[in-house]
Structures are given as structure tokens and as C-alpha cells.
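> What follows is a single structure, and I will ask about it in a moment.
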Amino acid sequence: MYFIWLSLFLFVIIFICLKIYGAIRYFGRNLPVKLRIPITAAVCVLYTASVITVGFGVYFIILMHLASFLLLSDIFFLIVKNIRKDRKLPRFWESAHRSGLVGVFFAALMLGYGYFNMFHIVRTEYTVFTEKNIREEGYTIVFISDLHYGISLDRGQLEKVCASIGEEAPDIVVLCGDIIDERTTLAEMHEAFDVLGKTPNRYGVFYVYGNHDKRFRTAKYTEEQLTDAVTQSGIQILDDSVLEINGELTLIGRADRGYGEIGRKSVAALVDGLNPASEWVVLDHQPAEYDEVEKNGGDLILSGHTHAGQLWPTGIFAELLRLDEMNYGCKKQGNLNAIVSSGIAGWGYPLRTEKHSEYVVVYLKNA
């Protein structure tokens, strides 16, 4: 993934420099070449320095979308030129194209949509059938992941989401990792878990860590403060641990695979001695090791982490490179049902130009 972002970084710098050169050459065609060259060089140097300085901040995300739409406009107008008999564009459209206004316009539309899309949280529903002998009415599981509290939603917005979740009359609520991250303040952390812990439910709210929740080297809180905030909110942490509910539903919470130096228990070790007649629901922030979960009798696995890409074209690359078992959605692998959420918010930026923000309702029913 780092290689992908580095490639995008270089593409943005080089491509926009070429567009700057093309614009100055077109609009400054009456200027002497000796003057055009230093102007172009100066603008490109200033632009490149600004991009390198801000790194992968919001400014770069804006430029990435701008570069993409400038490229698409180049392709579009090239096709139009080749269709026209005179191989030329009307003067207005030629100027609009050369100046980059067309690319700017569509990039602005996309980014505006991305901001709206981040805050527009939808309800996603799946029905999963089991061969296990569970109660006739089944179970309702609601889960969220990747809140990254402090990036987008505030307390009032989160309370509205939790109220909507409560209307589902969930049996259990699952927080499937990255509820907070290294940018979340201590006060925000307490706020997030205080709100989430009050979500109406029948059997409890359960939390597994993601790869961002415990980045203590850069976090504004300690492990002890995190644990206290969660437990004081009435939320139960499942960190390589197991909990049986109602004698027929077993939650298997896995430690995140991102903490490789600490290690995590294997699925085989976690399910050893469990009641095989119970429905085994694996909670794992990152969609990984499906073969191992299936082999060891897992019935359902819930994950997040991918954000379904969040920022175009990350999701496309993730799908092509198979960075995770699944980028988004629901699938059945043997006897294992797997669900991956796009997350209720996103990381880093209050923008989502891929997929939607969501909370997920899972109806577990008898086959």
C-alpha cells in the first residue's frame, strides 16, 4: 500500500507540473521563450515544494483528485478532437481545457460529494442463515467499525447514530476496531466510549481492537486510560478472548494482526474446548485468515479496516492487489459467512469518495 501511495504522490507532482507547463505555454505563447521557461520552472518548484512539505495531508488528497480529473479531461478532449473534422476545439473549450478549469470543476464536485458522503451514514442489512440450533427468533447483531473518533462525527452526530442502532432492538452491539486512533484526544476517547456504551441492547456492547486503537507511541492516551474508558462505559473488551451468550451464541474476539510484535492466539487455540453446537461468531478487525477460521469451525466473521477504499482509487488497487480477504460486502466460504463493513467514518480526512459510511445490521436466523 505504501508503494501505491508513493506512486500516486509522484504521479500528482509530475502530471500537474506538465499541466502547468502546458498552460503557461498556451496562454503565454506571446511571451519570449526566455521568459516562459523561468516562469514555468519557478511555478513548478513552488508547487512541488508545497506538495512535499504537506505530505499526505488534505492538500495532497485535493491535488490527487485534481490530477485525476485533469487526466480524464485530457483523454475526453483528445477523443473529441479526433472526432471533429477540423481536429480542433472551439476557442472557449480549448481555453477551458488548457487552463484546467474543466478538471478543477469536476474535482470540486467529487470532493464536495466526498465530504457529504463521509457524514451521510447509511444502514446496511444482511441476513445470515445458520445450521446451528439457535432460538426461533434468531439474533440481531449490529456492528460498526472505523469510527476514528475526532475525524468527522462529533458527540451529537454519534448519539443520533446510536439512537438509530437502538431502534433495531439489537441483541448485541459490536465495535469492530479503530473506534479511536492516534489523533483522538483523551477527552474525545472518553466521549466516544461513553456514547457507544449507552447504545440500547439486550446482551451487551463488545469491542475488539483495530490497528489504530492501540498506537500508544503516538497516541494522546495510555493503554490504562483506554482500558478504563472502555470498561467504565460498560463495554466488554474481547482481546483474544471468548464469551458465550445465551448458551447458543459464542463471540470470539481476536487481537488485531497489526500487533505482530505482540502476537495473537491462533483460531484453533481460541476455539479449543468450545461448545460445537453454539454459533461461533469471530470478531476480527482486519478481514484475514478466512481459511483458518473456516477450517476451525467458524460460522460468521465480522470485520472492518478496509474502509472500502475511502478515497478513490485506493479501493480499486486494494481489490486488484488482494490486500485483504475481502474489501467490502458479504460472501460465503464453505460454511463460513464473512462480512466486511466500509466503516462508519474514515481515517485521516473528512472525505469519502469511495463507498458510503455505514452501520451494519446482521440478522442471524435458522436455516
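The values are calculated or read from the model by the stated rules, or taken from the named source; none is laboratory data. No experiment lies behind these values; they were computed from the predicted model shown. Cβ atoms come from the backbone with ideal geometry, glycine included; neighbour counts cover every protein chain shown. Keep in mind that these areas ignore ligands, DNA and RNA; they rest on the heavy atoms of the full protein, side chains included. Shrake-Rupley method; radii C 1.70, N 1.55, O 1.52, S 1.80 Å.
> Can you give the Kirkwood hydrodynamic radius for the chain, in Å, rounded to one decimal and based on Cα pairs?
22.8
> What is the sum of charges around Ile134, taking Lys and Arg as +1, Asp and Glu as -1, for the other residues whose C-beta is under 11 Å from the C-beta of Ile134?
Net of charged neighbours comes to -4.
> What ³J(HN,Hα) values, in whole Hz, does the Karplus curve 6.51 cos²θ - 1.76 cosθ + 1.60 give for the range 219-228 when θ = phi - 60°, with x put for Gly and Pro?
Using θ = phi - 60°, the values come out as 6, 9, 8, 9, 4, 5, 5, 5, 4, 5 Hz.
> Report the one residue of Tyr349, Cys330, Gly138 whose Cα lies farthest in the direction of the positive end of the charge dipole of the chain (charges on C-beta: Lys and Arg +1, Asp and Glu -1; origin at the Cα centre).
Farthest along the dipole direction, towards plus: Tyr349.
> So how tilted is helix 2-27 from the main axis of the chain? Cα-based, degrees 0 to 90, rounded to 10.
So the inclination is approximately 20 degrees.
> While we're on this one: With charges set only on the Cβ (+1 for Lys and Arg, -1 for Asp and Glu), what does the dipole of the range 224-367 come to about its Cα centre, in debye to the nearest 20?
460
> For the range 91-245, what is the Kirkwood hydrodynamic radius in Å, using each pair of distinct C-alpha atoms?
18.0
> Another one. For Glu279, list long-range residues whose amide hydrogen, built 1.01 Å from N in the peptide plane, is under 5 Å from its own amide hydrogen.
Under 5 Å from the amide H of Glu279: Leu249, Thr250.
> Next up: By average Cβ neighbour count within 10 Å, what is the ranking of 42-48, 104-110 from highest down?
Going by the mean number of other Cβ atoms within 10 Å, highest first, we get 104-110, 42-48.
> Separate question: Evaluate the charge dipole of the chain about its Cα centre and quote only its size in Debye, nearest 20, assuming +1 on the Cβ of each Lys and Arg and -1 on the Cβ of each Asp and Glu.
The dipole of the chain has a size of about 3120 debye.
> On to the next question. Say each of Leu71 and Ser7 gets a label point 7 Å from the Cα, pointing the same way as Cα to Cβ; how far apart are those two points in nm?
With each label placed 7 Å out from Cα toward Cβ, I get 1.0 nm.
> Less than 16 Å apart at the alpha-carbon level, and either on another chain or at least 8 residues along: which aspartates and glutamates does that give for Lys332?
Partners found: Glu125, Glu131, Glu279, Glu289, Asp291, Glu292, Glu294, Asp299, Asp324.
> Continuing with this model, one more query. Can you work out the FRET efficiency for the pair Lys85 and Thr127, with r the C-beta to C-beta distance and R0 = 56 Å, to the nearest 0.05?
0.45
> For the charge dipole of the chain, defined by +1 on Lys and Arg C-beta atoms and -1 on Asp and Glu C-beta atoms about the Cα centroid, which residue among Pro90, Asn117, Ile151 has the Cα displaced farthest towards the positive pole?
Result: Pro90, furthest along the dipole toward the positive end.
> Sticking with this structure for a sec: Quick one: angle between helix 101-119 and the longest Cα principal axis of the chain, in degrees between 0 and 90, rounded to 10, please.
10
> With a 1.4 Å probe and every protein chain kept in, tell me what percent of the accessible surface of the chain is carbon plus sulfur.
60
> What are the aspartates and glutamates whose alpha-carbon lies under 16 Å from the alpha-carbon of Lys88, with same-chain residues fewer than 8 places away excluded?
The reachable aspartates and glutamates, counting only those whose Cα sits under 16 Å from Lys88, are Asp74.
> Find the Cα radius of gyration of the range 131-213, compare it with 2.2 N^0.38 Å by division, and give the number to two decimals.
1.17
> Kirkwood Rh over alpha-carbon pairs of the range 201-284, then Stokes-Einstein at 10 °C and 1.306 mPa s: what D in µm² s⁻¹, rounded to an integer?
So the translational diffusion coefficient is about 113 µm²/s.
> Which order do you get for Cys330, Cys162 if you rank them by accessible area with a 1.4 Å probe, largest at the top? Show your work: numbers first, answer last.
Numbers: Cys330 60, Cys162 10 Å².
These residues rank, largest area first, as Cys330, Cys162.
> Tell me, what ³J(HN,Hα) does each residue in the range 175-180 have, in order and in whole Hz, if you take phi through Karplus 6.51 cos²θ - 1.76 cosθ + 1.60 with θ = phi - 60° and put x for Gly and Pro?
Ordered by residue, 3J(HN,Hα) equals 9, 9, x, 6, 6, 10 Hz.
> Give me the accessible area per residue for the chain, probe 1.4 Å, as a whole number in Å². Can you show the working numbers first?
Numbers: 17360 Å² over 367 residues.
The answer is 47 Å² per residue.
> Would you mind computing, in nm to one decimal, how far apart the modelled labels at Gln225 and Leu78 are, each placed 7 Å from Cα along Cα→Cβ?
5.3
> Here's something else I'd like to know. Once phi is turned into θ = phi - 60°, what whole-Hz ³J(HN,Hα) does the Karplus curve with 6.51, -1.76 and 1.60 give for every residue of the range 76-81, x standing for Gly and Pro?
4, 5, 5, 5, 4, 4
> May I ask you to compute the full-extension gain from Ala41 to Ser95, defined as 0.36 nm times their residue separation minus their alpha-carbon distance, rounded to one decimal in nm?
This chain segment gains 17.3 nm when fully extended.
> Put one equal scatterer on each alpha carbon of the range 270-367, apply the Debye formula with no solvent term, and list log10 I(q)/I(0) at q = 0.13, 0.14 1/Å to two decimals.
Those come out to -0.49, -0.56, one per q.
> Which one, Gly247, Leu10, Gly258, is farthest towards the positive end of the dipole of the chain when Lys and Arg carry +1 and Asp and Glu -1 on their Cβ?
It is Leu10, whose Cα lies furthest towards the positive end.
> Tell me which residues come under 5 Å, amide H to amide H, from Gln333 once H is placed; ignore anything under 5 positions away on its chain.
The list, which skips near neighbours in sequence, is Ala338.
> Beta carbons within 10 angstrom, averaged per residue: use that to sort the peptides 195-205, 173-183, highest first.
Result, highest mean Cβ count within 10 Å first: 173-183, 195-205.
> Here's something else I'd like to know. Treating the beta-carbon of each Lys and Arg as +1 and of each Asp and Glu as -1, no other charges, what is the dipole magnitude of the range 1-159 about its Cα centre, to the nearest 20 debye?
Dipole of the range 1-159, to the nearest 20 debye: 1500 debye.
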